[in-house]
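To start, the structure under review is shown below, and the notes come after it.
The values are calculated or read from the model by the stated rules, or taken from the named source; none is laboratory data. On a predicted model such as this, the values are computed, not experimentally measured, just so you know. Here Cβ is always computed from backbone atoms with ideal geometry, including for glycine, and neighbour counts include all displayed protein chains. The protein model used for the area step is the full one, side chains on, heavy atoms only, and it has no ligands, DNA or RNA in it. Shrake-Rupley method; radii C 1.70, N 1.55, O 1.52, S 1.80 Å.
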Amino acid sequence: MLKNLKKLRDLKKTPANGQPKTENDSRPSSNEPETEVNKLTSLLTSNLTVLKERFRGSVDIVFREFKVGFDPNKSAALIYIDGLVKAESINATILKPLMFDFAREKLWQELNQHNLLMFIRDYAVPNNRVQEFSQLQDVIDSILRGNVALLLDSFNSALIFDSKGFEGRAIIEPATESVVRGPREGFNERLGINLSLLRRKITNENLILEQLNLGTRTRTTVCFAYLKGVVNEKLVNEVRNRLQRIDIDGILESGYIEQLIEDAPVSIFPTVGNTEKPDILAAKLLEGRIGIFVDGTPIALTVPYLLVEALQSSEDYYSRPYFVTIVRWLRIASLIFALYLPALYIAIQSFHPDLIPTPLLVSMAKSREGTPFPAYVEVFIMGMIFEILREAGVRMPRPIGQAVSIVGGLVIGEAASKANLVSETVIIFVALTGIASFVIPSLGDVVPLSRLFLMTWASLLGIFGLLMGSMVLFIHLTKLRSFGIPYLAPLAPANLDDWQDVLVKAPAWTLNTRPRLLGAWNSIRGRSTRPSPKKK
Amino acid sequence: MQKGKRVIYLFLILGISWLITGCWDRKELEGRAIVTLIALDKGENNDIKFSVRVVRTSDSQESGTGGSSGSERASVIMSSTGDTVFDAIRNLVLKSGRKLYYPHNTAIIFGNEIAREGILPILDVFNRDAEMHPLTWVLVTPGEAADILEAQPTLESLSAKQLDMMLNDFGATSKTVATNLLDTMKQLAYDSPGVVLSNIELDPNNPRKALLLNGAAVFQRDKLIGRLDPLETRGYLWSQGKVESGVITFPCPGEENKKVSMEIKRANRKIESDISDGQLKFTITINVESRLAEQACLTDLGNPEKLMELKKSQCEVIEKEIRSIVDKAQEKYSTDILGFGTELSRKFPQEWQNIKENWAEEFPKAEVDIVVNSKIFDIGLIKQPL
C-alpha cells in the first residue's frame, strides 16, 4: 500500500523532468489559501499588494517605488532583499538609467513608445543577466535568491536583474583533506564559486552542470555535474531520477541528499562519497563519476562510491609511484589493524594462547594480572573512552584541546593501567587501532562499528568466531552496490586491468584506461607511452 | 516471501555455527598458569612424580619481597604424584588452583630411574592429549629430573626459553642431539631398536644452578641403557648425517703440542649395506667440507702440501669419532642405534625377513667400514700466521 502511494506521488511529479522552475510550481504549499493569485496582473498596485501579502512584512524585503524618466504616469517598483544584493550596483545600473538617463533618451522617443518593458530590457539597463517572468512564484523565487525584480505599471510581467552580492567565506584550504603536494583550494558554501572552481579544472563544453531545486521549504539549489562522453548516460538518468524523487522540506547539507539517494540506506558502509576539493572531484568526473553540489555546503558528493576509493588519496596521483604503492599497502594494513587487532587479541588471549611465542605470552599474562574485567570488556571500555576523547576533541572549542589530550593521554592511559583497571597490552592495542583508523578517514564511521562486531564474535567463539564475523562482513560487502556498481569492484568482480590503481599505483603513463565498470562509455583515457628521450 | 526466507537462513546459519565449533575453551589469561618445563621421576611409592615449572605472572604485584633475584621469583616449581601421568597431572590442580596450561611447555625431562624403566608408557599421554605439543623436546638427566627444573636462566628470562635456544643451536657444536617428541615417537613407531636423546645436567662449575647439555643418552627400545660423551655423540650424528657444523681439533702438523681447529661447513653421509657369504658389511661414507678456523702453531699451513696433511688428519679424527660410537653400539650395547637395520631392510628386503628376528645378535657381528672424504675450501682472511 505504502509503496503504491509513493509511486503515485512520484508519477505526479514526473512532468517536472528536470526543469527546476516548473517543478517548484507544481508543488503548492498546503497552508496557502486555495484562491491564491498565480499570475501578475497589469496593475502595479495590485501586484505590490499581492507580493507584500506573500512576504507578510518581512523586514528585509525592500519595495522601492519610483517613476520612470520623470514621467508621473510611469510608475515602477524594485523589489529585492536587503543583504542579498549589491546596493551600489542597483543605484548605478538600474535606478540611475531608469530615473535620469531615460528622460534624455532620444531613441525611446523614436521607437514604439508602447513597449516600455522591452525597451528597458534591451536598451536601457546595463545588467548582465535579465529574465522576464509573469508567474508570481517565479518572481518570488528570484527575489529570494538575491535578484532584483522590476515591476512596471500596466505590464503583467516582471524583469529580473542579477545583482547578487551576499557575503561568503573565502576560498581556503580545506581542513579535512590536507595534502603536501597538490592544489590547496577547497570548495566553500557558495554554489556559484564551487561550480566555477570545477569549470576551471575541466575546460570543456562537455562538462555538464544540471540544476534542480530541492526541498519544499528551503528550495535549495542542487547541481550535479558530469562529463558528457565519459559518463554512462544511464547513470546520469539514475542520478537525476533519484534526486527528483527526493521529497523533504529542507536540505541544509549534502548529507541530507546522501541519505536520500544511497543504495543501501541501512548498511553501515557508505555508498556515496564526498570531497571538499575541486581537483578530487574533477578526477572523479574524469573517471566517469557524477558529482553533486548543494548550495550552502563545501562538501560535494560523488557517485558511485566504491570501497577502494577509501584507500586512495589525491596525492597518490601527484607523486611518483613507488612510495605511493607502499603507502597504499600501509593504508590497507591500517584498515586491517583497525578492524582486526582488538578482535584478534581477544580471540588469542581468551581461546588460543598457544598461538603466540612464550615470552610474549608471559608478558601479556603479567600485564593481565590483577585486572578485574575479561579482555572483551577491557577492550570495549578502552575503545569507548577513545571514542569519547575523539568526540570531545571535535566538539570542543580549540583552546581547550590541550586539556583533553592531557586528561586522555596521561590520566586514562597511564593511570588506568597503574591502578590495574586495564592491562597495558590493551592500551597499546586500542591506541594502535585508533591511530590506524585515522589513516582511512572516509571509513571513519564504519571501522569502529565493524570492529565492535568482530570483537563480539571473537569473544564468543575465538578465531572461529572471528572468521564467522568476517564472513558476514564480506558477504555483505559483496552484496552491496553503489548506483549499480559492485561495491568491491574491481576486486570482486575482479578486473585485473583496474588493479594497477588499487593495490599498487602504476605510473601515470600506464594508466590509460578508465575503471572498467564506470567508464565503459568511453574507456580510453589516453594513449601515453613510456616517456623516453627522442633519438636523433 | 523472499526477504523472510533470507532472514530465516541467516539465523539458521548463525545458530548452527554455535553447534559446530567443536572443542573450544574460553579462559582469560589470568586464569591460566603457563607451564614451561615438565619433569618426570619415579615416585617413592613406585608411582610417578610429575613436576612442572610454571611462570609466576603475579610476580610484579609483590615485588620487593624476599631477597631472591628477579628470575627466581618469576617461576615456581610444583610437583605431584599419581598412579599414572594423567592422574599426577590432575592431582597437581589440587595444589595450583589455576588451570595449568601446557601448549607452551618446552621440554619433557626424564629422570634416570624412570628412563631405565622405559619411557613409552609415559609418553602415551603426551601424544594423546590435545594440549601437549608434538614439537616439545625430550631430554634425559642422570639424576632426578625435578632438580633440573631448579635451574636458573643465565641470559634469558625463562630457563625454558634458554633450553629451547640451546637445543635449537645444537648444530653449532654437534656435540649433543636435539630430539623432539615427534621424532622420538616416529623412531619408536618404526620398530627402531634404539633412540638417542639429549642428556641434560646442571653445570657443576656454576654455583648458581645453570643448565648444561652434555652428550646424549642411549635407549634400547625405550629403556635407558647408557650415555655418550660429547665426541661419541658427534660420532653418532656423523653416522646419521645430522652434523650441521662444529669444531674439529687435532695436533698441528709439525708441531704436535699445538692444536688446529677446523670448522665444519657442510657434511653428508651415505650408508651402503652388503651381504656376501653371510657376512654383513656396512660402509659409511662421509663427505665433509671445512675451513681452517684457527691454528695455534706458527707453521705456514696455507700451502697445498700442508693442507693435504690437514685434510688427512681431519679424516682420521672424524673416522675415530665414528668408530668409537660404532664400537660402543656393537660391543657395549649390542643395540643398533645407528639405524643400520633400516638401511639393510631397504636394500635387501627379503634377506631382512630372516635377519630381523635375531638382528640383536647379528648386528654386533657386522663389519663396518668408514670412508671419510674431506675438502678444505677456505683458510680465512689471513694467508699465514704472523
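Legend: helices of chain B (whole DSSP H runs) are marked when their alpha-carbon atoms reach 27 angstrom or more along the helix axis and their mean Kyte-Doolittle hydropathy is at least -1.0; marked are B:304-327. Per-atom-type breakdown for the protein assembly as shown gives carbon and sulfur 56% of the accessible area (1.4 Å probe, protein chains only).
For segment A:268-417, the average shadow cast by the Cα convex hull is 13.5 nm², which is a quarter of the hull's surface. For chain A, the equivalent ellipsoid built from the Cα gyration tensor has semi-axes of 57, 28, 23 Å, listed from largest to smallest. Rg(Cα) of segment B:89-145 divided by 2.2 N^0.38 Å? Rounded to two decimals, the normalised Rg is 1.21. Does anything in segment B:320-342 have its amide N under 18 Å from the 7 Å Cα→Cβ label point of B:Asp191, and if so which residues? Counting backbone N atoms under 18 Å from the label point, the list is B:335-342.
Over 21 Å between C-alpha atoms is what I'm after, so list which of A:Lys86/A:Lys277; B:Lys312/B:Lys347; B:Lys258/B:Lys328; B:Lys265/B:Lys375; B:Lys259/B:Lys312; B:Lys186/B:Lys365 land there. In this structure, A:Lys86/A:Lys277; B:Lys312/B:Lys347; B:Lys258/B:Lys328; B:Lys186/B:Lys365 exceed 21 Å between Cα atoms. In straight-distance terms, cross-link reach from B:Lys306 covers every one of the aspartates and glutamates whose alpha-carbon lies under 19 Å from its own, apart from those fewer than eight places away in the same chain; here that gives B:Glu255, B:Glu256, B:Glu263, B:Glu289, B:Glu294, B:Glu316, B:Asp378.
The Kirkwood hydrodynamic radius of segment B:241-386, based on inverse pair distances between different Cα atoms, is 17.0 Å. For a straight C-alpha distance cut-off of 22 angstrom, the lysines reachable from A:Lys39 (same-chain residues fewer than eight places away being disregarded) are A:Lys13, A:Lys21, A:Lys52, A:Lys74. Between the beta carbons of A:Val59 and A:Arg240, assuming R0 = 30 Å, the FRET efficiency works out to 0.20 to the nearest 0.05.
Out of the DSSP beta bridges found with both residues in the protein assembly as shown, what percent are antiparallel (nearest 5)?
Working: 94 of 118 bridges.
Here the antiparallel bridges make up roughly 80 percent for the protein assembly as shown.
Largest GNM mean-square fluctuation among B:Ala88, B:Ala189, B:Ala160, using chain B with Cα springs under 10 Å: B:Ala189.
Taking every protein chain into account, the 1.4 Å probe leaves A:Trp457 with about 30 Å² of accessible area, to the nearest ten.
The mean of 1/r over all pairs of different alpha-carbon atoms in segment A:192-277, once inverted, gives a Kirkwood hydrodynamic radius of 14.2 Å. Annotation for segment B:312-371: trypsin sites (Lys or Arg not before Pro) lying in DSSP loop with at most 16 further Cβ atoms inside 10 Å of their Cβ do not exist. Heavy atoms of the protein chains alone define the surface here; on that basis the protein assembly as shown has 51 Å² accessible area per residue at 1.4 Å probe size. The calculated 222 nm mean residue ellipticity attributable to helices in the protein assembly as shown amounts to -11500 deg cm²/dmol, summing -39500 (n - 2.57) over DSSP H runs of n ≥ 4 and dividing by all residues.
Bridging of A:Lys228 to lysines at a Cα separation below 16 Å is possible for A:Lys201, A:Lys284, once same-chain residues fewer than 8 apart are set aside. The Cα atoms of chain B define a convex hull whose projected area, averaged across directions, is 31.1 nm². Given a 1.4 Å probe and the protein chains as shown, A:Phe102 ends up with an accessible area of around 10 Å². When the scattering of the protein assembly as shown is computed by the Debye formula from its Cα atoms alone, each counted once and equally, what is log10 I(q)/I(0) at q = 0.07, 0.10 Å⁻¹? So the normalised log intensities work out to -0.85, -1.21. How far is the Cα center of segment A:63-79 from the Cα center of segment B:201-234, in Å? After rounding, the separation between the Cα centres reads 118 Å.
Counting only GluC sites (Glu not before Pro) that DSSP places in a loop and that have at most 15 other Cβ atoms within 10 Å, the longest clean stretch of chain B runs over B:245-386. The stretch between A:Glu173 and A:Leu496, if pulled fully straight at 0.36 nm per residue, gains 112.7 nm over its current Cα-Cα span. Computed with a 1.4 Å probe on the full set of protein chains, the accessible area for A:Ser178 sits at about 80 Å².
Taking label positions 7 Å along the Cα-Cβ direction at both B:Met165 and B:Lys3, the computed distance is 6.3 nm, reported to one decimal. Taking 0.36 nm per residue of separation and subtracting the Cα-Cα distance, full extension of the segment from A:Leu477 to A:Trp509 would add 8.3 nm. Where both bridge residues fall in segment B:241-386, DSSP classifies roughly 70% of the beta bridges as antiparallel. Tell me the total accessible area that A and B bury against each other, 1.4 angstrom probe, in square angstrom rounded to 100. Answer for the A-B pair: about 2500 Å² buried. Largest first, the residues B:Lys209, A:Lys234 sort by 1.4 Å accessible area into A:Lys234, B:Lys209. A prolate overall shape is assigned to segment A:385-429, the ratio a/c of its alpha-carbon gyration tensor axes (a ≥ b ≥ c) being 1.5 or greater and a/b exceeding b/c.
Of B:Lys42/B:Lys209; A:Lys366/B:Lys27; A:Lys479/A:Lys505; B:Lys175/B:Lys320, which pairs sit farther than 19 Å apart, going by alpha carbon to alpha carbon?
Pairs exceeding the cut-off: B:Lys42/B:Lys209; A:Lys479/A:Lys505.
The residues A:Asp60, B:Asp203, sorted by heavy-atom accessible surface at 1.4 Å with ligands and nucleic acids left out, run A:Asp60, B:Asp203 from largest to smallest. How would segment A:355-456 be classified by its alpha-carbon gyration tensor: rounded, prolate or oblate, with rounded meaning a/c under 1.5 and the a/b versus b/c comparison settling the rest? Judged from the Cα gyration tensor, segment A:355-456 comes out oblate (a/c at least 1.5, b/c at or above a/b).
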